[in-house]
Amino acid sequence: MTTDIQATGNLMEWGWNPDSVIAGATVLATIAAIIAGWYAVLSFRQLRKQADDTAKAAAAAQDQANAANRQLEDERNRRQREQADRFAVWTDHSGDGSEVEKLFVVMQNSSTMPIYDVRIAACLGSTKNPELFYALQPKEVPPSADGPARHQAAGATQTHWPAYKKRRPKNPCPRVEVIFRDAAGTTWKRDVEGRLDRYDATEAPMPPTWLNHRKKPVVPRG
């Protein structure tokens, strides 16, 4: 008599089934792969979030650095322009409207240091044709502790001012364009609209648009 148990009819055989083992191993492998993939997705999301957070932090730090640099640049520009902003030039006239009436250039240096190499032109043209005539060239304008300095405009301006005055009887004082050097050595130009910018005086001590009494470009004085 044998000890093996065998199925008869519709009964299963009792024994080792390799297909069942393979199927079970496949299921376990699939579950492990799913779990590994899930952890991989979580890790990827976490790494991406960390990268995004790092990028945002870096961008915020860069924005703060840029803002600080702009503040420093603004403060530097403000200090560089401080004396230039305190120097004002305008025109005035004397007399009662007669033929002997003269035009004057008035300069106000509200800073505590002198202004140097001043060059001034009066705008005696129209809006469409703003002719600029040489008006004054003082070498130095000290601080205006005793009030503004007042000088008679040069002949080029005096020659053409009467015609300007007739066109503008209610406002005969022309605007001016001025070039000057501050105490720190920076040369500036303030145009007839009041805009202040740095000026490169190495190429042209006076702009070619400045005219003499013959309406020719001014030859700078030595």
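Taking region 102-125 as the search range and keeping residues that are touching a residue at least 40 places away in the same chain (Cβ under 8 Å), assigned to a loop (DSSP other than H, G, I, E, B) and farther than 27 Å from ALA184 by Cβ, which one is nearest to the chain's Cα centre (by Cα)? Checking each candidate, the answer is LEU124. Sub-6 Å Cβ pairs linking a first residue in region 146-172 that is closer than 19 Å to VAL118 by Cα and assigned to a strand (DSSP E or B) to a second residue that is open to solvent by less than 50 Å² (accessible area, probe 1.4 Å) and not small (Gly, Ala, Ser), at least 6 apart or interchain, are ALA149/MET107; ARG150/PHE104; ARG150/VAL106; HIS151/VAL105; HIS151/LEU136; GLN152/PHE104, ordered by first then second residue.
If you go through region 160-174 and keep only what is crowded, with 18+ Cβ neighbours inside 10 Å and within 22 Å of PHE87 (Cα to Cα), you end up with just PRO174.
Residues of region 113-147 that are at pLDDT 95 or above and farther than 15 Å from LEU211 by Cα: MET113, PRO114, ILE115, TYR116, ASP117, VAL118, PRO138, LYS139, GLU140, VAL141, PRO142, PRO143. Taking region 179-202 as the range and being open to solvent by 30 Å² or more (accessible area, probe 1.4 Å) and assigned to a strand (DSSP E or B) as the test, the residues that pass are ARG181, LYS189, ARG190, ASP197, ARG198. THR186 satisfies every condition listed in (1) touching a Phe, Trp or Tyr at 6+ places or on another chain (Cβ under 8 Å); (2) closer than 26 Å to GLU82 by Cβ except (1).
The values are calculated or read from the model by the stated rules, or taken from the named source; none is laboratory data. As the structure is a prediction and not an experimental result, all values here were calculated from the model. We place every Cβ from the backbone using ideal geometry, glycine too, and count neighbours over all the protein chains shown. Keep in mind that these areas ignore ligands, DNA and RNA; they rest on the heavy atoms of the full protein, side chains included. Shrake-Rupley method; radii C 1.70, N 1.55, O 1.52, S 1.80 Å.
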